[in-house]
Amino acid sequence: MSLPDWWYGVLGFSPWVAIVYTLITTHITIVSVTVYLHRFSAHRALELHPGLQHFFRFWLWLTTGMVTVEWTAIHRKHHVTTETDDDPHSPRIHGLRAILFRGTEFYRAGATADTIDSYGKGTPSDWLEKNVYSRFLFTGIVTVLIVDIALFGTIGIVVFGVQMLWIPFFAAGVINGVGHYWGYRNFECPDAATNIVPWGILIGGEELHNNHHTYPNSAKLSVRPWEFDLGWLWIRCFQSLGLATPLYTGPVVEKVDGKNQIDMDTTWAVLNDRFEVMARYAEAVVGPLVEEEYRRADRATRQILKRAKSILCREETLIQESERLRIEHIVDNIPVLATIYEMRVELQAVWSKRGGGGEELLTAFREWCSNAEATGIQALGDFVEELKSYSIPTIAATTS
Ligand SMILES: [Zn+2]
Ligand SMILES: [Zn+2]
């Protein structure tokens, strides 16, 4: 006995076609979220052609039922309140499991009138939005279900299930949960955001969440040469077709060979690039000195020097009690590490002196540099030497 024809869908496609179809449709959804909702709508990191905007809005309505104003508002609020009680989805507050598997619930709860009012500016409110997308929220999803079953019969139901779970799990769960929990950090941005893996493919580059929290208005999420951002590749494709213009891709500084003084240009360039500067302080100053101390230390001291580089460079608000005790122990016992730790904290404090039209910042930065040179620590001196070569580029590039 053979199964009835409708079992395989009216067109009788094979399961392989169903798999390819699922991968393509979910990928388009991911691109809609990362390029349209995230980089364009929430952060204004690029311009998008109106036709492309309409396509993404239509696709998101069809496959997710998400409303642009809600997504945008909740996400902007997340950046403003990261890792506090007001954060709409912090695994540090609510636990990783909750965010990973119940991400959409947190999203729903976050979409209050208040949040939308304060954070939802500049999102579409045209006829289509009012009369179709936000009014018939689930019509798109039901249409997809009908199309899936028509194409693939009973397999279509599985296809539909995967399509519907893709965004809640990968976008709401993995990025908002894992992206603030596990992974590596290029930069000590003032929250717990991490890069999950260096190759942003499965979720279109959103894996690089530590880079994103460091440079939230950048259209490009990869920073290091070995990192890959698929969403950025799409933006470049759209750009070559005249459909997109990246507005900002992270700080641009120029290093001028032979420049050996700290002027206002140096100060602004260093301020713009401060996350990178702090990351290099960790790599070029703290790392080598910790290693040197480790080599000559006795057993007991080696114990407290384990992972000392990351602890000594950690963003203040993320230091746990046990780590604070270790920092104290290191500072009390190893003078050279005490010096570079204090210099790091002081350098961090320089960035906050932005009043007085920049003069205050320039003075504080100069003072920090001469203090650093006065320590006589070679690595610190070299570091200052390099900072002096910083300048603001003559032609400000907006794309790279
Ligand atoms: Zn985040
Ligand atoms: Zn963001």
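The values are calculated or read from the model by the stated rules, or taken from the named source; none is laboratory data. Remember, predicted model here, so these are calculated numbers, not experimental data. Every residue, glycine among them, receives a Cβ derived from its backbone with ideal geometry; neighbour counts consider all protein chains shown.
Read through the list (1) closer than 23 Å to residue 165 by Cα; (2) out of contact with any helix residue (DSSP H, G or I) (no Cβ under 8 Å at 6 or more places or on another chain); (3) surrounded by fewer than 20 Cβ atoms within 10 Å (Cβ to Cβ), then give the number of the only condition that residue 78 fails.
(3)
Does residue 226 qualify as being in the same structural domain as residue 172 (by TED's automatic domain parsing), modelled with pLDDT of 85 or more and surrounded by fewer than 17 Cβ atoms within 10 Å (Cβ to Cβ)?
Against the criterion (in the same structural domain as residue 172 (by TED's automatic domain parsing), modelled with pLDDT of 85 or more and surrounded by fewer than 17 Cβ atoms within 10 Å (Cβ to Cβ)), residue 226 qualifies.
Among the residues of segment 277-291, is any at pLDDT below 90 and of a type in the set (Lys, Arg)?
No - not one qualifying residue is present in segment 277-291.
Taking only segment 121-178 into account, find how many residues are away from ligand 2 (no atom under 16 Å from the Cβ) and either of a type in the set (A, V, I, L, M) or farther than 23 Å from residue 30 by Cβ (or both).
28
Return only the number of the condition from (1) surrounded by fewer than 15 Cβ atoms within 10 Å (Cβ to Cβ); (2) without any contact (Cβ under 8 Å) to a residue 40 or more places away in the chain; (3) over 23 Å from the mean Cα position of the chain (by Cα) that residue 288 does not satisfy.
For residue 288, the exception is condition (2).
Restricting attention to segment 184-202, report how many residues are in contact with a strand residue (DSSP E or B) (Cβ under 9 Å, 6 or more places away or on another chain), of a type outside the set (D, E, K, R) and away from ligand 1 (no atom under 12 Å from the Cβ).
Adding up the residues that qualify gives 7.
Output the residue which, of all residues in segment 35-94 that are part of a loop (DSSP other than H, G, I, E, B), farther than 17 Å from residue 247 by Cβ and in contact (Cβ under 8 Å) with a residue 60 or more places away in the chain, is nearest to ligand 2 (Cβ to nearest atom).
82
Please work out if residue 271 is in contact (Cβ under 8 Å) with a residue 40 or more places away in the chain, crowded, with 17+ Cβ neighbours inside 10 Å and over 25 Å from the mean Cα position of the chain (by Cα).
no
Only one residue in 283, 323 is charged (D, E, K, R), assigned to a helix (DSSP H, G or I), in contact (Cβ under 8 Å) with a residue 12 or more places away in the chain and within 26 Å of residue 191 (Cα to Cα). Which one?
323
Report yes if residue 181 is in contact (Cβ under 8 Å) with a residue 24 or more places away in the chain, within 14 Å of ligand 1 (Cβ to nearest atom) and within 8 Å of the chain's Cα centre (by Cα), otherwise no.
Taking the combined requirement at face value, the residue does not satisfy it.
Test each condition in (1) within 16 Å of ligand 1 (Cβ to nearest atom); (2) crowded, with 23+ Cβ neighbours inside 10 Å for residue 217 and report the one that comes out false.
The one condition residue 217 does not meet is (2).
Quick grid of which residues meet (1) buried (at least 17 other Cβ atoms within 10 Å of the Cβ); (2) assigned to a helix (DSSP H, G or I):
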site	(1), (2)
190	no, no
213	yes, yes
236	no, yes
278	yes, yes
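Determine whether segment 60-69 contains at least one residue that is touching a strand residue (DSSP E or B) at 6+ places or on another chain (Cβ under 6 Å), under 22 Å from residue 200 (Cα atoms) and assigned by TED's automatic domain parsing to the domain that holds residue 147.
There is no residue in segment 60-69 that is touching a strand residue (DSSP E or B) at 6+ places or on another chain (Cβ under 6 Å), under 22 Å from residue 200 (Cα atoms) and assigned by TED's automatic domain parsing to the domain that holds residue 147.
Restricting to segment 72-87, name every residue that is more than 10 Å from ligand 1 (Cβ to nearest atom) and not small (Gly, Ala, Ser).
72, 74, 76, 77, 80, 81, 84, 85, 86 - these are the residues of segment 72-87 that are more than 10 Å from ligand 1 (Cβ to nearest atom) and not small (Gly, Ala, Ser).
Considering only segment 140-148, I want to know if a residue exists there that is within 16 Å of ligand 1 (Cβ to nearest atom), in contact with a helix residue (DSSP H, G or I) (Cβ under 7 Å, 6 or more places away or on another chain), more than 16 Å from residue 41 (Cα to Cα) and part of a helix (DSSP H, G or I).
Taking every residue of segment 140-148 in turn, none turns out to be within 16 Å of ligand 1 (Cβ to nearest atom), in contact with a helix residue (DSSP H, G or I) (Cβ under 7 Å, 6 or more places away or on another chain), more than 16 Å from residue 41 (Cα to Cα) and part of a helix (DSSP H, G or I).
With the structure loaded, tell me whether residue 262 is surrounded by 18 or more Cβ atoms within 10 Å (Cβ to Cβ), touching a residue at least 12 places away in the same chain (Cβ under 8 Å) and part of a helix (DSSP H, G or I) or whether it fails that test.
no
From 205, 156, which residue is within 15 Å of ligand 1 (Cβ to nearest atom), in contact with an Asp or Glu (Cβ under 6 Å, 6 or more places away or on another chain) and either under 28 Å from residue 19 (Cα atoms) or not in a loop (DSSP other than H, G, I, E, B) (or both)?
So the residue among 205, 156 that is within 15 Å of ligand 1 (Cβ to nearest atom), in contact with an Asp or Glu (Cβ under 6 Å, 6 or more places away or on another chain) and either under 28 Å from residue 19 (Cα atoms) or not in a loop (DSSP other than H, G, I, E, B) (or both) is 205.
May I ask you to verify whether residue 95 is within 20 Å of the chain's Cα centre (by Cα) and more than 13 Å from ligand 1 (Cβ to nearest atom)?
Yes: the conditions hold for residue 95.
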